[in-house]
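Here's the structure, in structure tokens; my notes come after.
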Amino acid sequence: MSNNSIHTLIEEARSFSPSSKEELEQFRLRFLGKKGVLNDLFAKMKEVVPEERKSYGLMVNELKVAAEERINTFKEQFEQSEQSTDSGQDLTLPAYPMSSGTFHPLTIVRRQIINIFSRIGFNVSDGPEIEDDWHNFSALNFPPEHPARDMQDTFFINLEASPAHYKGPLALRTHTSSIQVRVMENQPPPIRTICPGRVYRNEAISARAHCFFHQVEGFYIDEKVSFADLKQTLLYFAQEMFGAETKIRLRPSYFPFTEPSAEMDISCTICKGKGCNICKYTGWVEILGCGMIDPAVLENCKIDAEKYSGFAFGMGIERITMLKYSIKDLRIFSENDVRFLDQFKGVR
Ligand code: PHE
């Protein structure tokens, strides 16, 4: 073959631009395949006259380099575009913005409650969710036959015998007042603390009740703590939580561990007291239970009831949250529906 025709082949190879992988493969077979052009040219080397052999060899080599270069370039290009269509992504594009999570509305309100009380000197205490009879009931003055101990309200834990450091049969705590007992047993007055936590009651699940919910219990023990202190503390809380125009009213009630006891209503946050279906047209909604800690409870926890007095209050975080954000069904709090949770984006 003449040097001229090899030259034409080099030109052809250099300008080769396939539009598909198949075309590229045909090109490879034609030039570099077993029976391809290059093998053929190398075989013909011995027929070339010795003085032309060198330049012949150089040209064939040039053709080989040109063909290989094309093959490698396009192979890479086809592979890259295959990858990007495979994953449906162009990896050179900037990343999608990642949407941030939200705090659960119960977390938001719990943090607000803690914040409001911490501003007037309350710290936060914690206690176990699995509680013994003493801390959940007996120390709090629940008589042995009190209906709250009934199997219908309390999830008891069936154990042959409670572990040594527990006093009495175990149950899931039915209120966070159990933490009050633990704090009083371990700390001398003055005590000013709030106890947020999850509680459990054996109730049928509905829009207004669940078998678990969240409470914040608060209490203050010192010399000369009075009912007026309780009332002023709760008024401060209600106005910080629901707005300065909020009114409170206390109605007499009963709890085994407080005497006197009361339930506190706030002026309806929805209709501002005019009457709506949330407040059942009374203008008031109940938000918490409270009272002066019964001296017997103080004595149970080895606190001198002659010297000290205290108040306590307890509220459901769900209830506060429902009123604050006009949520009508309690079950939605535990459904993890992101359409619900997303509405609290940015709220802390
Ligand atoms: N522990 C009571 C309840 O769960 C609430 C409460 C707490 C009432 C403290 C008075 C004082 O219903």
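Sort by residue number and name the cysteines in the chain that have no neighbouring cysteine Cβ under 4.7 Å.
195, 211, 290, 301
Would you be so kind as to identify which of 284, 187, 138 lies farthest towards the positive end of the dipole of the chain, taking Lys and Arg as +1 and Asp and Glu as -1 on Cβ and the Cα centre as origin?
So the residue we want is 284.
Take peptides 313-325, 24-36 and line them up by average Cβ neighbours within 10 Å, highest first, as a rough protection proxy.
Details: 313-325: 20.8, 24-36: 15.2.
Descending mean neighbour count gives 313-325, 24-36.
Quick one: how many lysine pairs in the range 3-87 have C-alpha atoms under 22 angstrom apart, if they're 8 or more apart or on different chains?
Lysine pair count for the range 3-87: 18.
Put +1 on the Cβ of every Lys and Arg and -1 on every Asp and Glu Cβ in the range 3-87; which of 43, 81, 63 then has its Cα farthest towards the positive end of the dipole?
43
Give, rounded to the nearest 20 debye, the magnitude of the charge dipole that the chain has about its Cα centre when Lys and Arg contribute +1 at Cβ and Asp and Glu contribute -1 at Cβ.
With Lys and Arg at +1 and Asp and Glu at -1, about 800 debye.
What is the dipole size for the range 3-87, taken about its Cα centre, with +1 at each Lys and Arg Cβ and -1 at each Asp and Glu Cβ, in debye to the nearest 20?
Dipole magnitude for the range 3-87 comes out near 420 debye.
Please list 334, 20 in order of solvent-accessible area, largest first, computed with a 1.4 Å probe with all protein chains present.
Working: 334 55, 20 35 Å².
The residues order as 334, 20, largest area first.
How many angstrom lie between the C-alpha centres of the range 288-348 and the range 233-248?
That distance is 15 Å.
Excluding same-chain residues fewer than 8 positions from residue 231, which aspartates and glutamates have a Cα within less than 18 Å of its Cα?
Partners found: 217, 222, 223, 240, 245, 259, 263, 265, 286, 294.
Taking the alpha-carbon distance from residue 274 and a cut-off under 16 Å, which lysines remain once sequence neighbours fewer than 8 residues away in the same chain are dropped?
247
Give the distance, in whole Å, between the Cα centre of the range 113-136 and the Cα centre of the range 1-48.
The two parts, judged by their Cα centres, are 85 Å apart.
Using a 1.4 Å probe over the heavy atoms of the protein chains, calculate the carbon and sulfur portion of the accessible area of the range 3-87 as a whole percent.
Details: 2930 of 5850 Å².
The C+S portion of the solvent-accessible surface of the range 3-87 is 50 percent.
For the range 256-301, what is one quarter of the convex hull surface built on the Cα atoms, given in nm²?
If you wrap the Cα atoms of the range 256-301 in a convex hull and average its projections, you get 3.7 nm².
Tell me the accessible surface of residue 146 in square angstrom (1.4 angstrom probe, heavy atoms of protein chains only), to the nearest ten.
Approximately 40 Å² for this residue.
So what's the back-of-envelope 222 nm ellipticity for the chain, counting only DSSP H runs of four-plus at -39500 (n - 2.57) apiece and dividing by all residues, rounded to 500?
So the calculated ellipticity at 222 nm is -11500 deg cm²/dmol.
Rank-order 131-137, 295-301 by packing density, defined as the average count of other C-beta atoms within 10 Å over each peptide's residues, highest first.
The peptides rank, most packed first, as 131-137, 295-301.
Using the Kyte-Doolittle scale, which helices in the chain average at least -0.5 and also have C-alpha atoms spread 20 Å or more along the helix axis, with helices defined as whole DSSP H runs?
Span-like helices, by this rule, are 227-242.
Once Lys and Arg get +1 and Asp and Glu get -1 on their Cβ, which of 246, 262, 340 lies farthest toward the positive end of the dipole of the chain?
Projecting each Cα onto the dipole axis, the largest value belongs to 246.
Taking 0.36 nm per residue of sequence separation and subtracting the Cα-Cα distance, how much length would be gained by fully extending the chain between residue 93 and residue 126, in nm to one decimal?
That works out to 7.0 nm of additional length.
Could you give the Stokes-Einstein D for the chain in µm² per second, using the C-alpha Kirkwood radius, 20 °C, 1.002 mPa s?
For these conditions, the coefficient is 81 µm²/s.
Mind jotting down a quarter of the surface of the convex hull over the alpha carbons of the range 3-87, in square nanometres, one decimal?
Mean projected area for the range 3-87: 5.7 nm², to one decimal.
The values are calculated or read from the model by the stated rules, or taken from the named source; none is laboratory data. Please read these numbers as outputs of a predicted model, since none were measured by experiment. Every residue, glycine as well, gets a Cβ built from its backbone with ideal geometry; the counts of neighbours run over all protein chains shown. Heavy atoms of the whole protein, side chains included, go into the accessibility calculation; ligands, DNA and RNA do not. Shrake-Rupley method; radii C 1.70, N 1.55, O 1.52, S 1.80 Å.
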